[in-house]
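A short worksheet on the structure shown next.
The values are calculated or read from the model by the stated rules, or taken from the named source; none is laboratory data. Here the structure is a predicted model, which is why all the values come from computation and not from measurement. Using ideal geometry, Cβ is built from the backbone for each residue, glycine included, and neighbour counts are taken over all protein chains shown. Side chains included, ligands, DNA and RNA excluded: accessible areas come from the protein's heavy atoms. Shrake-Rupley method; radii C 1.70, N 1.55, O 1.52, S 1.80 Å.
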Amino acid sequence: MVKNIYSQFIDAPKKQFCVLVDPDKHHVDSLKQFTQQLSKTNQVDFILVGGSLLRKNNFDKTIALLKAETDVPVIIFPGNTMQISKHADAILLLSLISGRNAEMLIGNHVLAAPLIKEANLETISTGYMLIDGGQTTTVQYMSNTFPIPSNKPEIAAATALAGQMLGMQMIYMDAGSGAHQSVPLNMIKAVKHEINIPLIIGGGIKDAKSVTACCKAGADVIVVGNLFEEKPEMVRALADAMV
Ligand code: 1GP
(Lines give C-alpha, C1' and ligand atoms only; values in the text may rest on other atoms or scores of the structure.)
Protein backbone atom coordinates (compact mmCIF):
# COMPACT_ATOMS: atom_id res chain seq x y z
CA MET A 1 0.00 0.00 0.00
CA VAL A 2 1.46 3.38 -1.01
CA LYS A 3 1.21 5.91 1.81
CA ASN A 4 1.36 9.14 -0.11
CA ILE A 5 -1.86 11.03 0.42
CA TYR A 6 -1.20 11.91 4.05
CA SER A 7 2.29 13.09 3.21
CA GLN A 8 0.75 15.40 0.60
CA PHE A 9 -1.21 17.06 3.41
CA ILE A 10 1.84 17.29 5.64
CA ASP A 11 4.42 18.35 3.06
CA ALA A 12 2.28 20.69 0.97
CA PRO A 13 3.82 24.15 0.77
CA LYS A 14 0.34 25.69 0.92
CA LYS A 15 -3.06 25.07 2.50
CA GLN A 16 -5.26 22.49 0.82
CA PHE A 17 -8.64 23.05 -0.82
CA CYS A 18 -11.02 20.08 -1.07
CA VAL A 19 -14.31 19.61 -2.87
CA LEU A 20 -16.81 17.21 -1.31
CA VAL A 21 -18.88 15.11 -3.71
CA ASP A 22 -22.05 13.54 -2.33
CA PRO A 23 -22.78 10.67 -4.76
CA ASP A 24 -26.54 11.08 -4.23
CA LYS A 25 -26.56 14.66 -5.43
CA HIS A 26 -24.89 14.30 -8.84
CA HIS A 27 -26.04 12.66 -12.05
CA VAL A 28 -23.36 10.97 -14.16
CA ASP A 29 -23.30 13.64 -16.86
CA SER A 30 -23.22 16.60 -14.50
CA LEU A 31 -20.56 14.89 -12.39
CA LYS A 32 -18.39 14.30 -15.46
CA GLN A 33 -18.72 17.93 -16.43
CA PHE A 34 -18.02 19.10 -12.87
CA THR A 35 -14.96 16.86 -12.58
CA GLN A 36 -13.54 18.07 -15.86
CA GLN A 37 -14.04 21.62 -14.63
CA LEU A 38 -12.21 20.78 -11.35
CA SER A 39 -9.29 19.43 -13.33
CA LYS A 40 -9.15 22.55 -15.46
CA THR A 41 -9.09 24.97 -12.52
CA ASN A 42 -6.02 23.12 -11.25
CA GLN A 43 -6.71 24.53 -7.78
CA VAL A 44 -8.50 21.62 -6.13
CA ASP A 45 -6.08 19.51 -4.10
CA PHE A 46 -8.38 16.62 -3.16
CA ILE A 47 -11.88 15.36 -3.88
CA LEU A 48 -13.67 13.92 -0.87
CA VAL A 49 -16.54 11.50 -1.48
CA GLY A 50 -19.18 10.49 1.04
CA GLY A 51 -22.46 11.33 2.70
CA SER A 52 -24.31 10.68 5.95
CA LEU A 53 -27.25 9.12 4.10
CA LEU A 54 -26.91 7.71 0.59
CA ARG A 55 -30.09 6.47 -1.02
CA LYS A 56 -28.56 5.41 -4.33
CA ASN A 57 -26.24 2.46 -4.72
CA ASN A 58 -23.63 4.32 -6.74
CA PHE A 59 -20.77 4.97 -4.31
CA ASP A 60 -18.24 2.71 -6.03
CA LYS A 61 -19.32 3.87 -9.49
CA THR A 62 -18.97 7.52 -8.50
CA ILE A 63 -15.41 7.01 -7.29
CA ALA A 64 -14.50 5.04 -10.40
CA LEU A 65 -15.91 7.84 -12.56
CA LEU A 66 -13.97 10.51 -10.66
CA LYS A 67 -10.75 8.52 -11.01
CA ALA A 68 -11.36 8.15 -14.73
CA GLU A 69 -12.03 11.84 -15.28
CA THR A 70 -9.37 13.55 -13.17
CA ASP A 71 -5.91 13.19 -11.65
CA VAL A 72 -7.03 14.95 -8.46
CA PRO A 73 -6.68 12.39 -5.64
CA VAL A 74 -9.97 10.98 -4.38
CA ILE A 75 -10.40 10.40 -0.65
CA ILE A 76 -13.31 8.60 0.97
CA PHE A 77 -15.05 10.63 3.69
CA PRO A 78 -17.26 7.81 4.88
CA GLY A 79 -20.73 8.32 6.29
CA ASN A 80 -20.93 4.64 7.22
CA THR A 81 -19.24 1.26 6.75
CA MET A 82 -20.81 0.73 3.32
CA GLN A 83 -18.78 3.59 1.87
CA ILE A 84 -15.58 1.75 0.99
CA SER A 85 -14.19 1.49 -2.54
CA LYS A 86 -10.93 0.07 -3.85
CA HIS A 87 -10.92 2.75 -6.54
CA ALA A 88 -10.16 5.57 -4.06
CA ASP A 89 -6.69 6.79 -3.15
CA ALA A 90 -7.28 6.89 0.61
CA ILE A 91 -9.93 6.89 3.30
CA LEU A 92 -10.32 9.21 6.26
CA LEU A 93 -10.83 6.74 9.09
CA LEU A 94 -13.12 8.95 11.14
CA SER A 95 -13.62 8.51 14.84
CA LEU A 96 -16.41 10.82 15.99
CA ILE A 97 -14.59 12.13 19.05
CA SER A 98 -17.02 14.96 19.80
CA GLY A 99 -19.73 12.37 20.49
CA ARG A 100 -20.21 9.53 22.91
CA ASN A 101 -21.63 6.94 20.55
CA ALA A 102 -19.40 3.86 20.87
CA GLU A 103 -20.29 2.68 17.35
CA MET A 104 -18.94 5.94 15.89
CA LEU A 105 -15.88 5.89 18.12
CA ILE A 106 -14.77 2.28 17.45
CA GLY A 107 -17.64 -0.12 16.62
CA ASN A 108 -17.94 0.69 12.91
CA HIS A 109 -14.17 0.64 12.56
CA VAL A 110 -14.06 -2.98 13.69
CA LEU A 111 -16.57 -3.84 10.97
CA ALA A 112 -14.79 -1.78 8.32
CA ALA A 113 -11.12 -2.56 9.05
CA PRO A 114 -10.94 -5.93 7.22
CA LEU A 115 -12.74 -4.45 4.20
CA ILE A 116 -10.43 -1.44 4.12
CA LYS A 117 -7.42 -3.76 4.30
CA GLU A 118 -8.79 -5.90 1.48
CA ALA A 119 -9.35 -2.78 -0.64
CA ASN A 120 -5.70 -1.87 0.02
CA LEU A 121 -6.66 1.70 0.93
CA GLU A 122 -4.35 4.17 2.61
CA THR A 123 -6.01 5.05 5.93
CA ILE A 124 -5.72 8.45 7.56
CA SER A 125 -6.80 8.34 11.18
CA THR A 126 -8.98 11.41 11.69
CA GLY A 127 -10.55 12.83 14.84
CA TYR A 128 -13.94 14.01 13.60
CA MET A 129 -15.64 16.75 15.61
CA LEU A 130 -19.17 17.85 14.97
CA ILE A 131 -19.80 21.51 15.85
CA ASP A 132 -23.25 22.98 16.32
CA GLY A 133 -24.06 24.89 13.12
CA GLY A 134 -27.38 26.36 14.17
CA GLN A 135 -29.68 23.53 13.10
CA THR A 136 -29.88 19.73 13.30
CA THR A 137 -27.82 18.36 10.41
CA THR A 138 -28.13 14.94 8.78
CA VAL A 139 -24.81 13.85 10.26
CA GLN A 140 -25.93 14.82 13.76
CA TYR A 141 -29.14 12.85 13.44
CA MET A 142 -27.61 9.83 11.71
CA SER A 143 -24.65 9.60 14.09
CA ASN A 144 -26.91 9.96 17.12
CA THR A 145 -24.42 12.32 18.73
CA PHE A 146 -24.60 15.73 20.31
CA PRO A 147 -22.42 18.39 18.62
CA ILE A 148 -20.03 20.62 20.55
CA PRO A 149 -21.85 23.92 21.31
CA SER A 150 -20.54 26.71 19.09
CA ASN A 151 -19.78 28.91 22.11
CA LYS A 152 -17.50 26.34 23.78
CA PRO A 153 -14.10 26.65 22.09
CA GLU A 154 -12.40 25.24 25.18
CA ILE A 155 -14.29 21.93 24.81
CA ALA A 156 -13.33 21.77 21.12
CA ALA A 157 -9.67 22.48 21.95
CA ALA A 158 -9.49 19.81 24.66
CA THR A 159 -11.25 17.28 22.40
CA ALA A 160 -8.87 17.92 19.50
CA LEU A 161 -5.87 17.66 21.81
CA ALA A 162 -7.13 14.33 23.13
CA GLY A 163 -7.49 13.13 19.53
CA GLN A 164 -3.91 14.11 18.76
CA MET A 165 -2.66 12.45 21.95
CA LEU A 166 -4.48 9.27 20.92
CA GLY A 167 -2.41 9.29 17.72
CA MET A 168 -4.90 10.67 15.24
CA GLN A 169 -3.26 12.16 12.15
CA MET A 170 -5.77 14.94 11.44
CA ILE A 171 -8.63 16.76 13.12
CA TYR A 172 -11.77 17.51 11.08
CA MET A 173 -14.12 20.12 12.56
CA ASP A 174 -17.44 19.99 10.74
CA ALA A 175 -20.57 22.06 11.20
CA GLY A 176 -22.33 19.51 8.95
CA SER A 177 -23.22 19.76 5.29
CA GLY A 178 -25.33 22.82 4.52
CA ALA A 179 -24.99 24.18 8.06
CA HIS A 180 -26.45 27.64 8.69
CA GLN A 181 -23.27 28.71 10.48
CA SER A 182 -19.83 27.38 9.73
CA VAL A 183 -17.34 26.56 12.51
CA PRO A 184 -16.76 29.76 14.56
CA LEU A 185 -13.42 31.45 13.96
CA ASN A 186 -12.55 31.69 17.66
CA MET A 187 -13.06 27.92 17.94
CA ILE A 188 -10.76 27.29 14.95
CA LYS A 189 -8.14 29.50 16.62
CA ALA A 190 -8.47 27.73 19.97
CA VAL A 191 -8.11 24.29 18.39
CA LYS A 192 -5.22 25.30 16.15
CA HIS A 193 -3.42 26.64 19.21
CA GLU A 194 -3.58 23.20 20.89
CA ILE A 195 -2.60 20.84 18.08
CA ASN A 196 0.14 20.41 15.53
CA ILE A 197 -1.56 17.98 13.14
CA PRO A 198 -3.50 19.25 10.09
CA LEU A 199 -6.84 20.89 10.90
CA ILE A 200 -9.67 20.42 8.40
CA ILE A 201 -12.64 22.79 8.47
CA GLY A 202 -15.93 22.21 6.66
CA GLY A 203 -19.67 22.64 6.82
CA GLY A 204 -21.67 25.67 5.72
CA ILE A 205 -18.86 27.53 3.94
CA LYS A 206 -20.60 29.48 1.20
CA ASP A 207 -18.35 32.33 0.12
CA ALA A 208 -14.76 33.34 -0.53
CA LYS A 209 -14.65 35.64 2.51
CA SER A 210 -15.35 32.71 4.85
CA VAL A 211 -12.65 30.60 3.20
CA THR A 212 -10.08 33.34 3.83
CA ALA A 213 -11.30 33.90 7.39
CA CYS A 214 -11.12 30.18 8.24
CA CYS A 215 -7.59 29.98 6.81
CA LYS A 216 -6.48 33.02 8.79
CA ALA A 217 -7.98 31.54 11.96
CA GLY A 218 -5.86 28.40 11.52
CA ALA A 219 -7.51 25.96 9.09
CA ASP A 220 -4.98 23.93 7.10
CA VAL A 221 -7.58 22.32 4.87
CA ILE A 222 -10.96 23.66 3.72
CA VAL A 223 -13.79 21.42 2.51
CA VAL A 224 -16.75 22.76 0.50
CA GLY A 225 -19.53 20.59 -0.92
CA ASN A 226 -23.09 21.87 -0.76
CA LEU A 227 -22.43 25.22 -2.43
CA PHE A 228 -20.99 23.59 -5.56
CA GLU A 229 -24.05 21.37 -6.00
CA GLU A 230 -25.97 24.55 -6.82
CA LYS A 231 -23.15 26.71 -8.13
CA PRO A 232 -20.32 24.60 -9.57
CA GLU A 233 -18.90 27.69 -11.28
CA MET A 234 -17.86 29.04 -7.86
CA VAL A 235 -15.02 26.55 -7.34
CA ARG A 236 -12.38 28.91 -8.69
CA ALA A 237 -13.49 31.89 -6.57
CA LEU A 238 -13.41 29.85 -3.37
CA ALA A 239 -10.16 28.08 -4.16
CA ASP A 240 -8.61 31.47 -4.96
CA ALA A 241 -9.58 32.70 -1.48
CA MET A 242 -7.22 30.24 0.27
CA VAL A 243 -4.46 32.13 2.10
C1 1GP B 1 -19.76 18.37 5.19
O2 1GP B 1 -17.74 19.52 5.74
C3 1GP B 1 -18.52 19.06 4.70
O4 1GP B 1 -19.48 17.27 5.97
C5 1GP B 1 -18.85 20.15 3.70
O6 1GP B 1 -19.94 20.93 4.11
O7 1GP B 1 -21.50 20.65 2.19
O8 1GP B 1 -21.81 22.53 3.83
O9 1GP B 1 -19.92 22.56 2.21
P10 1GP B 1 -20.83 21.71 3.01
So how far apart, in nm, are the two label points at THR136 and MET82 if each is 7 Å from Cα heading toward Cβ?
2.2 nm
At what distance in angstrom do the alpha carbon centres of segment 66-95 and segment 192-242 lie from each other?
20 Å
Cα-centre dipole for segment 51-131 with unit charges at Cβ (Lys and Arg positive, Asp and Glu negative), debye to 20
260 debye
Within the chain, which is the longest segment that contains none of the trypsin sites (Lys or Arg not before Pro) sitting in a DSSP loop with at most 10 other Cβ atoms within 10 Å?
56-243
Tail beyond 31 Å, pair distance distribution of the chain (Cα, percent):
14 percent
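Just subtract the alpha-carbon distance of THR41 and ASN101 from 0.36 nm times their residue separation and send over the number in nm, one decimal. Mind showing how you got there, number by number?
Numbers: separation 60, 0.36 × 60 = 21.60 nm, distance 3.97 nm.
Gain on stretching THR41 to ASN101: 17.6 nm.
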Sort 148-156, 72-80, 193-201 for me by packing, meaning the mean count of neighbouring Cβ atoms within 10 Å per residue, highest on top.
72-80, 193-201, 148-156
For the table LYS32/LYS117; LYS67/LYS152; LYS67/LYS231; LYS117/LYS189; LYS152/LYS209; LYS56/LYS231, the rows whose alpha-carbon distance is greater than 31 Å are LYS67/LYS152; LYS117/LYS189
Computed, not fitted: 222 nm per-residue ellipticity of the chain from DSSP H runs ≥ 4 (each -39500 (n - 2.57)), nearest 500, equal to -11000 deg cm²/dmol
Using modelled amide H (1.01 Å from N, peptide plane; none on Pro or chain starts), what sits under 5 Å from the amide H of LEU20, excluding residues fewer than 5 places away?
LEU48, VAL224, GLY225
With an 8 Å cut-off on Cα pairs and a minimum separation of 6 or more residues, tell me the relative contact order of segment 23-101 in percent.
30 percent
Rounded to whole Å², per residue accessible area for segment 42-200 with a 1.4 Å probe reads 46 Å²
State, to one decimal in nm, how far the label point of ASN4 lies from the label point of ASN186, with both points 7 Å from Cα in the Cβ direction.
4.4 nm
